[in-house]
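This report refers to the structure that appears directly beneath it.
The values are calculated or read from the model by the stated rules, or taken from the named source; none is laboratory data. Only a predicted model underlies this, so the values are computations on that prediction, with no experimental measurement involved. Neighbour counts are summed over all protein chains in view; Cβ atoms, including those assigned to glycine, are modelled from backbone coordinates with ideal geometry.
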Amino acid sequence: MKTLNLSIRRRILSLLALIGLFGCQSNPVSSPNTPQFNHVYLHVSDMDRSLDFYTSAFDLEVTKHIKKLKRTSEDGQTLEQEINLALLKFPGHYFGLEIGETLDSLPNNTRASYAHVGIEVEDIESASERIIKAGGLSTRPITQVETESIQAKTAFFTGPDGETIELMQIISGSF
C-alpha cells in the first residue's frame with residue numbers, strides 16, 4: 001500500500017478525532033429529544049480496501065453494509081437503487097463513519113472526499129424549517145429512505161460555506 005502523504009493522514013486523524021469526540025455517548029433507545037451528530041460521510045474509491053483500512057488501523061466495526069436503498073418522495077414516487085455503503089463505529093459509540101463507494105472518487109485525494117455531516121432529529125419537518133429560517137438552502141426535500149434494516153426520513157441542505165448537511169429522522173431500526 002502506498003504511504004499516505006502527511007496532509008491525507010492529518011485529515012483522516014481529524015475525522016477519527018471527530019468520531020471519537022462525538023461517539024462517546026451510548027446509542028439511545030429512541031429518537032433523540034434534541035438534534036445530535038449522527039455520522040460523517042466519506043466518499044471512497046474502493047470499498048473493500050477502505051473497510052480493511054479503517055477496521056485494521058482503528059478497530060472500527062462495520063455495523064451495517066448496505067447494498068440497496070429505496071427512496072420515496074412526499075408525492076409517493078419510489079426510486080430503488082443499488083449502492084455500496086458501510087456504517088462503521090468504535091465499539092460502544094453512537095457517532096459513526098459512513099463510507100460510500102463512489103466511482104468518481106480518486107484515491108489520491110484530488111477530489112474532496114467528505115460529503116456531508118449527518119444530524120439526527122426528532123422532527124425533520126421542524127428541523128428543516130429551522131435550517132431554512134437560519135439561511136440554509138434545501139438541496140433535497142424530505143424523502144423516506146429504506147434499507148433492509150433502517151427506515152428514515154432524510155433531507156439535505158447547504159450551509160453558509162457550501163457544506164452539505166443531512167437531517168435524518170429514524171423511523172425504525174438503528175443506524
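If the condition is being touching a residue at least 40 places away in the same chain (Cβ under 8 Å) and in contact with a helix residue (DSSP H, G or I) (Cβ under 6 Å, 6 or more places away or on another chain), then the range 143-175 contributes LEU167, GLN169.
Evaluated against (1) over 23 Å from LEU85 (Cα atoms); (2) surrounded by fewer than 17 Cβ atoms within 10 Å (Cβ to Cβ); (3) among the aliphatic types (A, V, I, L, M), ILE131 falls short on exactly one condition, (2).
Return yes when VAL62 is at negative phi and modelled with pLDDT under 90 and no when it is not. When the stated conditions are applied, VAL62 does not pass them. Number of residues in the range 114-166 that are part of a strand (DSSP E or B), within 19 Å of HIS43 (Cα to Cα) and either touching a Gly at 6+ places or on another chain (Cβ under 6 Å) or not aliphatic (A, V, I, L, M) (or both) equals 12. For the range 34-56, the tally of residues that are surrounded by 18 or more Cβ atoms within 10 Å (Cβ to Cβ) and among the β-branched types (Val, Ile, Thr) stands at 2.
Residues in the range 57-88 that are in a loop (DSSP other than H, G, I, E, B), exposed (fewer than 14 other Cβ atoms within 10 Å of the Cβ) and touching a residue at least 24 places away in the same chain (Cβ under 8 Å): ASP59, GLU74.
Quick test of your reading of the structure: ARG140 fulfils all but one of (1) surrounded by fewer than 17 Cβ atoms within 10 Å (Cβ to Cβ); (2) over 17 Å from the mean Cα position of the chain (by Cα). Name the failing condition by number. Status for ARG140: all satisfied but (2).
Take HIS39 and tell me if it is at pLDDT 85 or above, touching a Gly at 6+ places or on another chain (Cβ under 7 Å) and either over 16 Å from GLU82 (Cα atoms) or not acidic (Asp, Glu) (or both).
On the way: at pLDDT 85 or above: yes; touching a Gly at 6+ places or on another chain (Cβ under 7 Å): yes; either over 16 Å from GLU82 (Cα atoms) or not acidic (Asp, Glu) (or both): yes.
Yes.
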